[in-house]
Amino acid sequence: MGLKEFWHKLGSPRWFYQISLPWVVGFGLAALVLLAVGFVWALAFAPPDYQQGNSFRIMYVHVPAAMAAQSLYIGMGVAGFVLFVWRMKLADVFITACLPFGMLLTALALFSGGVWGRPTWGTWWEWDGRTVSTLVLLFLYIGIYALREAIVDTELRGRASALVAMVGTINIPVIKYSVEWWHTLHQPASFTLTEKPSMPPEMWLPLLVMVIGMYCFAAHNVLSRMRMEIIERESGTQWVRALVSGQRAAG
């Protein structure tokens, strides 16, 4: 299948629903294995930090949650652009599916950051650039969710939330570069694709496993929600009625 044909088929929620189940299962299994391995590795086998001791282990939750939350929002911004340009219904489905898990991950990143900051900085909260911009990210997620709940018209709701999602992506580089632009208590990135990690392998390898596991979990969650959203939106169509009837007969 060529890229053009694939792009055209993405306009069909029915086609996406039919092909997406193996992805849901695959990402779910990968997330289960990776998060279990990474969690045990991080808690039981990674050595304590020479300055922070064992309190640094909250990093293995904080960093993956923050990274996945930002990536989901970027995905929403891209989907918002697709919705505006091509009016693709699946883009609005994607935005709807990302919102609950994106909010949860952002809240988890803020909470775990406070738990980490208390023994490290001596405070649960610090008004520095990265903390505040991450709080803004949470408000953006909540704002889009509230907007979708407030607007009844389907098309207007989709376009309004897509617009906010696109504009809100401006906040993502602020989160990323805040430690370079302003004086902040936050440390630079734990590892990047272009630089050698500042931590020893026995500390950053379990973090990498946790990050990949969190992304797999996010993909599993979003794809599952997309499938449920498609069934709800297409409930009056013949193919959904046939699918429900088949499931009842099989059950």
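Please treat every number below as a calculation from the coordinates, not as lab data. The model shown is predicted, which means the values in this text are computed figures rather than measured ones. Cβ atoms come from the backbone with ideal geometry, glycine included; neighbour counts cover every protein chain shown.
Pull up the cross-link candidates among the aspartates and glutamates for residue 176, meaning alpha carbon to alpha carbon under 16 Å and not fewer than 8 places away within one chain.
In chain and number order, the partners are 128, 195.
Just flag the trypsin sites (Lys or Arg not before Pro) in the range 21-126 sitting in loop per DSSP whose Cβ has no more than 16 other Cβ atoms within 10 Å.
For trypsin sites (Lys or Arg not before Pro) across the range 21-126 that sit outside H, G, I, E and B with at most 16 neighbouring Cβ atoms in 10 Å, the list reads 87.
Under the Kirkwood approximation for Rh and a Cα-based Rg, what ratio Rg/Rh is obtained for the chain? Provide the component values of the computation, followed by the final result.
Numbers: Rg = 20.2 Å, Rh = 19.9 Å.
Rg/Rh: 1.02.
Report the FRET efficiency, 1/(1 + (r/R0)^6), for residue 149 and residue 176, where r is their Cβ-Cβ distance and R0 is 41 Å, rounded to 0.05.
Computed FRET efficiency for residue 149 and residue 176: 0.85.
Using θ = phi - 60° and the Karplus form 6.51 cos²θ - 1.76 cosθ + 1.60, what ³J(HN,Hα) does each residue of the range 197-203 get, whole Hz, x for Gly and Pro?
Coupling constants for the range 197-203: x, 7, 9, x, x, 5, 9 Hz.
At 0.36 nm per residue, minus the direct Cα-Cα distance, what do residue 237 and residue 127 gain on full extension? Give it in nm, one decimal, please.
34.5 nm is the gain from fully extending residue 237 to residue 127.
At q = 0.12, 0.14, 0.15, 0.17 Å⁻¹, what is the base-10 log of I(q)/I(0) for the range 110-251 according to the Debye formula with one equal point scatterer per Cα and no solvent? Please give it to two decimals.
-0.77, -0.94, -1.02, -1.17
In whole Hz, with x marking every Gly and Pro, tabulate ³J(HN,Hα) for the range 94-101 from phi via Karplus 6.51 cos²θ - 1.76 cosθ + 1.60, θ = phi - 60°.
4, 4, 4, 6, 6, 4, x, 6
Cα centroids of the range 1-67 and the range 74-119: how far apart, whole angstrom?
15
For every helix of n ≥ 4 consecutive DSSP H residues, a contribution of -39,500 (n - 2.57) applies; sum these over the chain, divide by its total residues, and give [θ] at 222 nm rounded to the nearest 500 deg cm²/dmol.
-26500 deg cm²/dmol
Plugging the Kirkwood radius over Cα pairs into Stokes-Einstein for the range 44-147, at a temperature of 20 °C and a viscosity of 1.002 mPa s, what D comes out in µm²/s?
142
Cut-off under 19 Å on the C-alpha distance; same-chain residues fewer than 8 positions from residue 89 excluded. Which aspartates and glutamates are left, in chain and number order?
Result set, ordered by chain and number: 5, 149, 153, 155, 229, 232, 234.
Can you give me the relative contact order of the chain as a percent, contacts being Cα pairs under 8 Å and 6 or more apart?
Values: 274 pairs, mean separation 84.1, N = 251.
Dividing the mean separation by the residue count of the chain yields 34 percent.
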